[in-house]
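Written out below as structure tokens is the structure these notes cover.
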Amino acid sequence: MVTNFVSEKAKLGNNVKIWHFAYVGDNTEIGDNVKIGSLAHVDYNVKIGDNTMIEGMAYIPPLSKIGKNVFIGPAAALTNDPYPASKKMIGVTIEDGAVIGSRAVIKAGVTIGKNSVVAMGAVVIKDVPANAVVVGVPAKIKYSREEYDRKKKDWEDS
Ligand SMILES: CC(C)(COP(=O)(O)OP(=O)(O)OC[C@H]1O[C@@H](n2cnc3c(N)ncnc32)[C@H](O)[C@@H]1OP(=O)(O)O)[C@@H](O)C(=O)NCCC(=O)NCCS
């Protein structure tokens, strides 16, 4: 029984865990210690850096560039074609340490800056600078990554 599909042309680092029914396309490069959840679709020509976690049902289309230590929440959708079905595609870039909330959608060509956080359900239509938390449709800056980390620590300590 086929439990997932990983292209023979994909390059996988050490200790990569790909859960059931996930798909990984041709020429995709995956770093060390990456986890890819069930039903995730990681298409061809995608780059994923070390220690990144991609949760179940995430959609990562061709040309996406994802850095190190990134978290991509369940069913988040990166896109690569602003006017489908067009002949030209441009990937989303997610820089190191960013967090993408569940069911967020990110427009083709957008960059999510280093350590920034995209809220669950946000629709990101323009670049997000580093260290920002963005929420809503269309996504706007709500507060800083520093405040997010404070809230996270309070949550973990409570
Ligand atoms: C963005 C996030 C970190 C904010 O958390 P928080 O600071 O505890 O949120 P709060 O409930 O205190 O709300 C702070 C403000 O942001 C708004 N907000 C929070 N989450 C929002 C969201 N997803 N979309 C739109 N607005 C949101 C609130 O309405 C509030 O606005 P106000 O100050 O104008 O009233 C959180 O909502 C989130 O999306 N986390 C990601 C969760 C996730 O996807 N996990 C995946 C693994 S299971």
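The values are calculated or read from the model by the stated rules, or taken from the named source; none is laboratory data. All figures in this text were calculated on a predicted structure; none of them were measured in a lab. In this analysis, Cβ positions are derived from the backbone assuming ideal geometry, glycine residues included, and neighbour counts consider all displayed protein chains.
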Note to self: When the residues of region 64-74 are narrowed to those that are more than 11 Å from Ile30 (Cα to Cα) and surrounded by fewer than 20 Cβ atoms within 10 Å (Cβ to Cβ), which ends up nearest to the chain's Cα centre (by Cα)?
What the structure shows: Phe71
Margin query: Among the residues of region 142-150, are any modelled with pLDDT of 95 or more, crowded, with 16+ Cβ neighbours inside 10 Å and among the basic types (Lys, Arg)?
Written below: yes
Check: Restricting region 87-141 to residues that are among the β-branched types (Val, Ile, Thr) and assigned to a loop (DSSP other than H, G, I, E, B), which is surrounded by the fewest Cβ atoms within 10 Å (Cβ to Cβ)?
Finding: Val137
Margin query: Can you find, within region 111-131, the residue that is nearest to Val70 (Cα to Cα) among those that are more than 11 Å from the ligand (Cβ to nearest atom) and of a type in the set (A, V, I, L, M)?
Written below: Ile112
Next item on the list: Output the number of residues of region 8-40 satisfying the condition of being in a strand (DSSP E or B) and either of a type in the set (Lys, Arg) or more than 20 Å from Val99 (Cβ to Cβ) (or both).
Entry: 8
Margin query: Condition (residue is within 16 Å of the ligand (Cβ to nearest atom), of a type in the set (S, T, N, Q) and within 20 Å of Trp19 (Cβ to Cβ)) applied to region 96-110: is it met by at least one residue?
Written below: yes
